[in-house]
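Derivation of every value follows stated rules applied to the coordinates shown; laboratory data play no part. Note that this is a predicted model, so its numbers are computed, not measured. In this analysis, Cβ positions are derived from the backbone assuming ideal geometry, glycine residues included, and neighbour counts consider all displayed protein chains.
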Amino acid sequence: MYSSSMLVALFALVNSLPGALGGFSSTATGNIAICWGQNSANQVGGQQRLAYYCHNTNVNTIPLAFLNVIRDTEMNFSNAGDDCSIFPGTKLIKCTQIEEDIKTCQSLGKSILLSIGGATYSEGGFSSPAEAISWADRLWAMFGPVSNSDKRPFGTAVIDGFDFDFEAVALNMIPFATRLRSLMDSAAATSGKKFLLSSAPQCPFPDRANNDLLQSVAFDFVSVQFYNNYCGVHTFQFGSPSQNNFNFGTWDNWAKTVSKNKDVKILLGVPGSSSAAGIGYIAGSQLANVIKYAQAFSSFGGVMIWDMSQVWANAGFLDSVASALGSTGGSGVGIIPPIATTSLRGFTTTSSTPVVQTATTWVTVTIWATATVNGPAATAKSTSTTTLWAESTTAVSAPTPAAGLVNQWGQCGGNGYKGLTSCRAPFSCVKLSDWWSHCN
């Protein structure tokens, strides 16, 4: 049992670390990353806007796919690009809706990365290290902390990092990635905000397109594509102590012995439905066995799924992945439906019965799954429901939600929705898309 002074100290530590309990976690094994932007399922009416998916608590990391031309900087987000304009005299799009949605998603504890490359990337890299470094600087000015650049596709929104999805050999990528890593680390040292760098190699080892990068650059996580290859999850041999083709163990060995970052996490990359890949899709019940096997490796960090449109068209798949992981991503928030949500310094905590109140805000923090907070000289862990308060606050009874009303962030409308439509005061029903309205 914690004493009140310990809880106050713990709360101060958590409150000093923006996003500590939200978004991708380098210490968690339940991260779920799902790529958004390509509408690969060809859904009628197209994929939903980014913010629509960010309200799902299972997902904590979203790579935006893709920035598919680096020089001249072109991006393709399928039908989501229909709402974008173009900077005059360029092919660069300006997307105010995505700008708004990135901010919304980050407020909900999601890490938003920009994925560079994709299957259609054909530039072949850069002509020289100097050109690679120059373009790293330009992309950082476009998407990193707000600078003097007059061409920022996402306006004042700042992404949480970059993902590399190079499926063919590209020249001078090491100086490009090294420069981005350096810029992100420098910004983190100044602001305290952690920026992420990830890669999505295919499972054959070594990956021909990314091997040099993976040996030379420190990545935070690597989403290995275990599909469309002989080493995919579909080759997993249930009950066998050794695997002939499925090679998660090989990638774990890379993480421990070769990677520049020995704490790098390996995400199990899988297709979100049978139409998301040529081969490699397996149902959630089968995938649970693969996840259990992979969890035995210390580098295992969760699951990456391609892509959002496929997952949403495949009812129950995401829930089965989250259940197999035993969490809803690396956020520290469990799968119990929330009754109240409180934003604390950039991350969101969820509580089922808030019982402590200050004059202006609820400060209850309930941790349903193990949450680890890494500070400069301390680590705090809890697997229990814990209420934190400052010494000046007073415990009071929790208010009983009015019957028939929707709490904050709960759904209150949308095409096909048949639930409650009135929000609990002081919230009102806010339309985000034709498919989703919530109380805020």
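Using the Cα atoms of the stretch 65-110, I'd like the radius of gyration and the largest Cα-Cα distance, Dmax, both in angstrom.
Rg, Dmax (Cα atoms, Å): 11.7, 36.
Can you give the net charge of the other residues whose Cβ lies under 10 Å from the Cβ of residue 73, counting K and R as +1 and D and E as -1?
Details: positive: 71, 91, 138, 151; negative: 72, 74.
Residues near residue 73 contribute +2 overall.
Give the calculated FRET efficiency between residue 421 and residue 96 to the nearest 0.05, with a Förster radius of 30 Å applied to their Cβ-Cβ distance. Present the calculation step by step, with values, prior to reporting the outcome.
On the way: r = 28 Å, r/R0 = 0.94.
In this case the efficiency is close to 0.60.
Taking 4 °C and 1.567 mPa s as the conditions, I'd like the Stokes-Einstein D for the stretch 177-324 in µm²/s, using the Kirkwood hydrodynamic radius from alpha carbon pairs.
Working: Rh = 16.0 Å.
Answer from the Stokes-Einstein relation: 81 µm²/s.
What does the net charge come to around residue 207 if you take all other residues with beta carbon closer than 13 Å to its beta carbon, with K and R at +1 and D and E at -1? Mind dumping the intermediate values first?
Numbers: positive: 208; negative: 165, 167, 212.
So the environment of residue 207 carries a net charge of -2.
Work out how much length residue 258 to residue 279 would gain on full extension: take 0.36 nm times their residue separation and subtract the Cα-Cα distance, in nm to one decimal. Display every interim value, and only then the final one.
Details: separation 21, 0.36 × 21 = 7.56 nm, distance 2.89 nm.
Taking residue 258 through residue 279 to full extension adds about 4.7 nm, to one decimal.
Order these peptides, 285-298, 62-75, by their mean beta-carbon neighbour count within 10 angstrom, highest first.
On the way: 285-298: 17.1, 62-75: 21.1.
Top of the packing list down: 62-75, 285-298.
Need the C-alpha centroid separation for the stretch 125-169 versus the stretch 289-323, integer Å.
29 Å
Could you list, in their original order, any pairs among 103/260; 103/265; 94/262 whose Cα atoms are separated by more than 28 Å? Numbers along the way, then the final one.
On the way: 103/260 31 Å; 103/265 26 Å; 94/262 38 Å.
With Cα atoms farther than 28 Å apart: 103/260; 94/262.
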